[in-house]
Structure formats: C-alpha cells, structure tokens
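What follows draws every value from the coordinates through simple rules; no lab data is involved. These numbers were taken from a predicted model, which means no experiment stands behind them. Cβ atoms come from the backbone with ideal geometry, glycine included; neighbour counts cover every protein chain shown.
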Amino acid sequence: MIEDRGYTMAGLTEPWSKKHKRNTKASAGGLKFSLSNSFAQPITMPELLELSSARGDQEIIDMYSNHALGYTPNGGSLDLRDEISNLCKLLLFRFKLATSFPNVL
C-alpha cells in the first residue's frame, strides 16, 4: 500500500466498483445489460410487467400476480430442511468411511 503518494491499495486512486460502474454504464456508452453486477438494475414494477408482457411471458406475470406472500414455517421450509438433512447424512457417511478406512478417500 502506497499511502504517502495519495494512492490506495495496488496503486488505485478510486474504488474498483466505482470505475467498473463508470465504464459499464449504458448511458456512458458502456453495456446495455451488465451481467457482472451483484445487484439488480433499478426498475419499477410496471416496467417489469411491461417488459414481461412485451416478450409474451404471461406465465411469469400470472405467477407473480398469484404468488402468496406468507411467511415460511419456523425452522425453514420442509424442502430445504430435507436437503440439509441429506447433505448431513452424506457427510456423516463420508466421515465414518474416512475414519474406518483412511486409505479409501
């Protein structure tokens, strides 16, 4: 880190994310759609419905319109709990196998 010259880590003078956003921004001649961001592009619900309708995706509009907004059960959803249980069983099996037959794994 070279702080005495006004630089930050690795000689960068601004955060990488700021430079990335500036270089990929559509209005600045960059990308129309950035698939490298970890955040969604800001869009209103009416815009999203209009885009979905324009591409003929009535099924997703119906799914959105009929989606229940209830809470998940305490302790998580049953399908997630089952997947975690299966993973734990597999890990326990591998652990038992590795400790019983150390040369197998």
Q) Hey, got a sec? Which chymotrypsin sites (Phe, Trp or Tyr not before Pro) in segment 51-105 land in a DSSP loop and have at most 13 other Cβ atoms within 10 Å? A) Tyr71
Q. Among residues other than Pro15 whose Cβ falls under 13 Å from its Cβ, what is the net charge (Lys/Arg +1, Asp/Glu -1)?
A. +3
